[in-house]
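Novice: I have a structure I would like to understand better, so I am pasting it below and will then ask my questions one at a time.
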Amino acid sequence: MTDVERLLASALRPIEPPKALADRLEQRLAKLTDDAAHELADLELREMGDPRNWGRTVGAVVVGGAAAGGLALMQARRHRKQAKPTGVKRLEQRIADAAAEVRKQLS
């Protein structure tokens, strides 16, 4: 591996954002979802007859849907990270653990 390849590999390595950032984002998405739901709950059907009132409703649906979708993606990602490995991943983990234990015993 050349120096350039090593530099690129180290520069393009994925990093995890700080946990506080993920928590704040999740809280904001939850608040947006709740606010949109409250806006839609306060909607009176007789007001929908006038197209001038459709903007707030459409905005609440779009913002609430996007926030709920983002929240669902974040929770699915968190669940996937916390899930115990199965199959090949579990085997890899056990082999790595065993190798670490052997190295520890030999040292």
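The values are calculated or read from the model by the stated rules, or taken from the named source; none is laboratory data. Please read all numbers here as calculations on a predicted model, not as lab measurements. Quick reminder, even Gly has a Cβ in these numbers, built from the backbone with ideal geometry, and neighbours come from all protein chains shown.
Novice: Restricting attention to the stretch 44-60, does a residue exist that is at pLDDT below 85 and part of a loop (DSSP other than H, G, I, E, B)?
Specialist: yes
Novice: Give Leu43, Leu7, Leu25, Leu29 a once-over and let me know the one that is out of contact with any Cys (no Cβ under 6 Å at 6 or more places or on another chain), farther than 30 Å from His79 by Cα and either surrounded by 12 or more Cβ atoms within 10 Å (Cβ to Cβ) or of a type in the set (Gly, Ala, Ser) (or both). Even if it seems obvious, please write down each step before you answer.
Specialist: Working: Leu7 fails: either surrounded by 12 or more Cβ atoms within 10 Å (Cβ to Cβ) or of a type in the set (Gly, Ala, Ser) (or both); Leu25 fails: farther than 30 Å from His79 by Cα; Leu29 fails: farther than 30 Å from His79 by Cα.
Among Leu43, Leu7, Leu25, Leu29, only Leu43 is out of contact with any Cys (no Cβ under 6 Å at 6 or more places or on another chain), farther than 30 Å from His79 by Cα and either surrounded by 12 or more Cβ atoms within 10 Å (Cβ to Cβ) or of a type in the set (Gly, Ala, Ser) (or both).
Novice: So, one more: Ala76 - would you say it is without any contact (Cβ under 8 Å) to a residue 12 or more places away in the chain, outside any loop (DSSP other than H, G, I, E, B) and within 30 Å of Leu21 (Cα to Cα)?
Specialist: Values: without any contact (Cβ under 8 Å) to a residue 12 or more places away in the chain: yes; outside any loop (DSSP other than H, G, I, E, B): yes; within 30 Å of Leu21 (Cα to Cα): yes.
Taking the combined requirement at face value, the residue satisfies it.
Novice: Assess whether Thr86 counts as being of a type in the set (Ser, Thr, Tyr), at negative phi and modelled with pLDDT of 80 or more.
Specialist: no
Novice: I need the full set of residues from the stretch 50-87 which are farther than 18 Å from Ala37 by Cβ and hydroxyl-bearing (Ser, Thr, Tyr), in order please.
Specialist: Thr86
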